[in-house]
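A short write-up of the structure that comes next.
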Amino acid sequence: MNEVPSGVADRIAARGGRIGDLAVAAGLCGSPPGLCLALAGSLGNDNSRDFGELAQASLAALSGGDALILDLSGLEYISSTGVGTLTTLLAEARRREAFLFLRGMQPKVRAVFDVLGFSEFFSFLEDGGSNA
């Protein structure tokens with residue numbers, strides 16, 4: 001992948017880089033290589049559906065074996081609905097034979113995954129490396 005797929009970039013630009021309280025930026029990641037979506041703010045009941053649609057479109061733009069990396073270092077809050085959206089995205093990534101990685105979670109966001117029992121299903125990357 002040499003550039004952010006235009007369909008993804010267009011969707012983000014059409015929303016001014018925001019989905020409610022959630023800021024979204026797209027870029028390419030080097031390690032592992034793939035499409036990176038950097039999230040900042042809150043992923044909750046009011047914006048999970050719209051973010052899920054954007055993330056699904058991002059997955060659709062990938063080829064099998066490619067990676068979608070969600071940089072969550074700027075995410076300050078996630079609801080159980082937000083975790084559910086990411087779980088649905090993980091299932092879709094597996095169906096498409098793509099990879100989904102979560103990068104740079106703040107401890108309070110990681111705690112929500114742990115409390116809900118979903119941490120074991122995701123692949124976490126702790127380093128920075130995002131170009132988004």
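Relative contact order of the chain: what whole-number percent is it, with Cα pairs under 8 angstrom and at least 6 residues apart?
26
On the accessible surface of the chain, probed at 1.4 Å, how many percent belong to carbon and sulfur atoms?
Working: 3070 of 6290 Å².
Using a 1.4 Å probe with all protein chains present, the chain comes out at 49 percent carbon and sulfur.
How big is the range 59-132 on each of its three principal axes, counting only the C-alpha atoms and giving the largest first in Å?
In descending order, the Cα extents are 33, 25, 17 Å.
Once Rh is set to the Kirkwood radius over Cα pairs, what Stokes-Einstein translational diffusion coefficient, in µm²/s, holds for the range 1-125 at a temperature of 4 °C and a viscosity of 1.567 mPa s?
91
Non-local amide H neighbours of GLY74 (under 5 Å, H modeled in plane, Pro and chain starts lacking H): which ones?
HN-HN under 5 Å from GLY74: LEU39.
Can you work out the accessible area per residue across the chain, with the rest of the protein chains kept in place, probe 1.4 Å, in square angstrom?
Ligands and nucleic acids excluded, the figure is 48 Å² per residue.
Mind jotting down the distance between the C-alpha centroids of the range 2-68 and the range 73-131, whole Å?
Between the Cα centres of the range 73-131 and the range 2-68 lies a distance of 13 Å.
The values are calculated or read from the model by the stated rules, or taken from the named source; none is laboratory data. Being a predicted model, the structure only gives us computed values, none of them experimental. The protein model used for the area step is the full one, side chains on, heavy atoms only, and it has no ligands, DNA or RNA in it. Shrake-Rupley method; radii C 1.70, N 1.55, O 1.52, S 1.80 Å.
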